[in-house]
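Before any comments, here is the structure.
The values are calculated or read from the model by the stated rules, or taken from the named source; none is laboratory data. The structure presented is a predicted model; accordingly, all values stated were derived computationally and were not measured. Counting neighbours? That spans all protein chains shown, and the Cβs are built from the backbone with ideal geometry, glycine included.
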């Protein structure tokens, strides 16, 4: 550096000049800058002020879009020469009005419209001011000023500073030149003296300088230094001589030591080889080795140690092995360890320690003490290996074993494993608890023979052997009697244990005490048996009740009917009518109670028999026409034309439901009408929808279900046509309303009345037994209140339910849907009956008329009750039937042996020999194989009927006996004319001989008065030959009996009216020739219908009835002396 | 998108207004409505101020819709409420846009407005001379307004000098 070589004199001048210059420049600059800032600030302030004034003044011109006014306001700025540009902007930044000093410059404002903002550059400063009006920003103003004024000021002041600086420099230079001499000259003198000392090496010279300033001090110090150097030179010479002497001695010693060292090194080389071997061993073993000194500080480790603990040798040397401690051993543990170590010299065990990475591990540790020859411990050698993995595996195994044992021990079963020799390998805790064995060694390794009584053990071993040989599991239940006499049941399950090759390894078994379980089951079984006994007793009681009550009822009803048949004074007749009606009511109540009991006992069954709907309806009409008439009610039964007549179902129950509804309707209706309507909902299709019939039904009353649910009927599966009642024989060929053979029809039955109605809140009570809607109703109208409940249940059994619509005070509609099978074969000729049945003799005339074909038949009646015997006998005799009576089955058998009978009416319950047994005896004889036997029974259950039919009876009549039913059944079964094979005159039946001789029996028929015939002409033609006439009539009968009348019907229904007409026409001709005028008339009517192309089933039915009647009249004709008239005799004539 | 679709979209999006069809240049009616809004800023009423400034419209006119859009805008901390009124309700108003009413009716209206201190604004030539305080007119196709300061002074309505600078002063012609 140049500056280094310049003289101090120059340096001083330079330093001073620079110092003064810098100071001056800084002061001047600060002053100028400060002034400029103040000026700029003042300028901006002015601009702000001006912009605010303009903003305030210009706002109105801006919002009212007045450029001119705005420009005028801005032009006032020309008084400020420094303002170069000012403008007012609209809110979207467009210039609205502007002022330009030099007439140039455009500036648009985008941002900063809404806040005050300053703008400054080297040349210019500007201010943006938003224009607000009532808080709303309506635009902005911008004013820009140049800085010319400030800049000229700065230039002026800078010039001034430079001038002052130059002047100061000149003055300072002159002053320094004079002042520096006093400092520099003494320094130069001292320098010359030093130069001399270094050249001459003469330290005795001294500087001659006095003064107390810094240079004086320097000269003093220099002189002191020279004095010191002079003194040290002398001492150095003396020490050098001493040193030379010492070196000589030391050289001799070193030569001796060198020789000794060489010898030692040779020995070391030898022992190193052994050490290396030991080290190699240490380095290769898997066990960690650790050696400590007598203070238990580590002095050596091997690589295995580092591998296990993670510590390198450097990290552990000199430390206490305790550093590995995990803290999992107690201090006592270590105390014990040291005690053992010092006493026995070694210690072994497992310790949980911690690796460098913090992991715990288990080491299997062995420590040995190494002693010197005095017996003091010098080292401790520890060898250990990491057994953590092994430990964990052991722990897991123990845990899984414990789980397994817990499972086994907590099982309610005794469990065991046995080997192939039957020795126990493993058993669970319940095994001990149950057997009472205490110790495990008492069991394991032993066999059943060692543990149990011989018999038991042999059995067990046999089971085991079986399980092993069959390789099948085995479950046994064994009873064992304990010493205290208690009986225990044990359930044992045994199974073979197989290895993967299928080799039997042994057996396993499970057993438990099931005594309680067995007892529980036994209890249940007993309870069930008891319940069944009770049910049977109840059923039996019902049957007895029925029988016991019906027997006197039969007498009351029958006798009152017979009495009414006799001429009686009007007063007595009225009593008799009341007896008859009351006893019928009583019967109804009895039936209701029995029905309800049956329903509750679930003994109620529904039959599926063929029936003729018209007969059911006819009965209903008979039943209610009178009572409705008494109340002046309009009672009607309306049946849609498409409703099939032949149906399959339970006619009795249907009638029961309908008569209940009709009975209620009539009972609760004071005026107006009661209508039973029957219509078809759907046919054939079981899943159809309700038709419009529904709607027509609904429009009268709101429909409500008693249980509040929506109404729908569940339809039972189709039921095959079967039952006790065989298809009707006679009348099977009558007309049908439709070809619905074997199909199904859903019929809607509804009973409408205009009675008192049912309040909505009473609906739920409607179908509960013993509840009439109003308690007072029972008193007013009578009745048990069972009817609807029973009907409801019956409908449920038939798969239907009521729909009830009612308006209180207006009337009710009860309706239900039934799915019934259709079967045209079920139709029987309609039984018509006079309405004036209570006139004296009306019963006689009816029975006589109806039973005409039976006239002369012989019927045996077996009945134990004398009164009932009388009733049956009188009914039969009214039909012209000859009756023989028996008091029990045995008497009946005797009478059958003596005489010939067309049929037997057999009471079921009789003393000495009951009906069922008697029938069995009768049927056992081949000659009676075809004898008609009809049961009379007071029991009405289906079982009883089944029993009757099973014993060989043909049919069944329930008590109380209805005379009409009695005759109808007999008409069906008894072919009186065909059966009179044996002469009856021989033996009198004893008790009752016919008192009343029917019209035509075995006497010359009064052919002239034969009903329905006019035989006068033909007799004349035959010259009065009656025999010939009878033969002709029989010929006619044979001829036409072979033409199934059904053919006519079938043809007509198939639309072949012509073929039907031809057949009928032929018959018409034959009938008129033979004088069968009634038949002729009926046939003519049918003929003309057919000819007109119409087919009316009713007319056909009338024709059919007449045909049958005519044929039966012909069949009843007897020639004088003729006893066995039949060439067409049916099988089974008694010998 | 084809034009039809654009049209449909616009139609659907702007059912209640005609925003889509509006052009950028403000209509004359909108300028007048803006003026009316700004008048309110340069006026002081004789009665104490309520939180709402009630701008009333009497009769039908082309500016009605634009005025209606002013509803809800604020002036300072007061809200502008626009209402079409019947004559008898003039007293409830702060500003009354009379549009171009029948002459006979006008006198009644102005009397009522004067008594109630309502600023009246007209939109037909000559209304200022008849006593309406502020009245629009067109100059070089630009909206300007006349000020009848005398009418305002009678009603006690103070119109800012800034507004006065901008308007054309007229006086009531007798």
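Conditions tested, residue by residue: (1) within 14 Å of chain B (Cβ to nearest Cβ); (2) at pLDDT below 85; (3) part of a loop (DSSP other than H, G, I, E, B); (4) buried (at least 16 other Cβ atoms within 10 Å of the Cβ).
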site	(1), (2), (3), (4)
A:68	yes, yes, no, no
A:81	no, yes, yes, no
A:93	no, yes, yes, no
A:97	yes, no, no, yes
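If the requirement is being within 14 Å of chain A (Cβ to nearest Cβ) and under 20 Å from residue B:115 (Cα atoms), which of these qualifies: B:164, B:147? Spell out the reasoning first.
On the way: B:164 fails: under 20 Å from residue B:115 (Cα atoms).
Unique residue meeting the criteria: B:147.
If a residue has to be more than 14 Å from residue B:36 (Cβ to Cβ) and within 14 Å of another protein chain (Cβ to nearest Cβ) to count, how many in the range B:75-88 make the cut? Steps first, answer last, please.
Just the residues of the range B:75-88 that are more than 14 Å from residue B:36 (Cβ to Cβ), to begin with: B:76-79, B:84-88.
Still in the list and also within 14 Å of another protein chain (Cβ to nearest Cβ): B:76-79.
Number satisfying all stated conditions: 4.
State whether the residues of the range B:122-132 include one that is within 14 Å of another protein chain (Cβ to nearest Cβ), touching a strand residue (DSSP E or B) at 6+ places or on another chain (Cβ under 9 Å) and within 22 Å of residue B:56 (Cβ to Cβ).
No: zero hits.
Among the numbered conditions (1) within 14 Å of chain A (Cβ to nearest Cβ); (2) under 25 Å from residue A:56 (Cα atoms); (3) in a loop (DSSP other than H, G, I, E, B), tell me where residue B:72 comes up short.
Residue B:72 satisfies all of (1) within 14 Å of chain A (Cβ to nearest Cβ); (2) under 25 Å from residue A:56 (Cα atoms); (3) in a loop (DSSP other than H, G, I, E, B) except (2).
Only one of A:453, A:412 is in contact (Cβ under 8 Å) with a residue 60 or more places away in the chain and loosely packed, with under 14 Cβ neighbours inside 10 Å; which?
Values: A:453 fails: in contact (Cβ under 8 Å) with a residue 60 or more places away in the chain.
Answer to the check: A:412.
Taking the range A:452-476 on its own, how many of its residues are out of contact with any helix residue (DSSP H, G or I) (no Cβ under 7 Å at 6 or more places or on another chain) and in a helix (DSSP H, G or I)?
So the answer is 14.
Any chance the range A:49-64 includes a residue that's buried (at least 23 other Cβ atoms within 10 Å of the Cβ) and away from chain B (no Cβ under 14 Å)?
Yes; the residues of the range A:49-64 include at least one that is buried (at least 23 other Cβ atoms within 10 Å of the Cβ) and away from chain B (no Cβ under 14 Å).
Name, by its number, the condition in (1) within 19 Å of residue A:475 (Cα to Cα); (2) in a helix (DSSP H, G or I) that does not hold for residue A:418.
Going through the list (1) within 19 Å of residue A:475 (Cα to Cα); (2) in a helix (DSSP H, G or I), residue A:418 breaks only (2).
Going residue by residue through the range A:1074-1088, is there one that turns out to be modelled with pLDDT under 80 and on the phi < 0 side of the Ramachandran plot?
Yes, there is a match, as at least one residue in the range A:1074-1088 is modelled with pLDDT under 80 and on the phi < 0 side of the Ramachandran plot.
Considering only residues of the range B:89-107 that are exposed (fewer than 13 other Cβ atoms within 10 Å of the Cβ) and without any contact (Cβ under 8 Å) to a residue 24 or more places away in the chain, which is farthest from the other protein chains (Cβ to nearest Cβ)?
Restricting to residues being exposed (fewer than 13 other Cβ atoms within 10 Å of the Cβ) and without any contact (Cβ under 8 Å) to a residue 24 or more places away in the chain, the top hit is B:104.
If we only count strands (runs of 3 or more DSSP E) wholly inside the range A:599-657, which ones have 2 or more residues that are more than 19 Å from residue A:753 (Cβ to Cβ)? Even if it seems obvious, please write down each step before you answer.
On the way: elements: A:609-612, A:634-639, A:646-649.
It comes to A:609-612, A:646-649.
Of these, B:67, B:163, B:134, B:127, which one is modelled with pLDDT of 90 or more and in contact with a helix residue (DSSP H, G or I) (Cβ under 9 Å, 6 or more places away or on another chain)? Break it down into steps so the answer makes sense when it comes.
Details: B:67 fails: modelled with pLDDT of 90 or more; B:163 fails: modelled with pLDDT of 90 or more; B:127 fails: modelled with pLDDT of 90 or more.
It is B:134.
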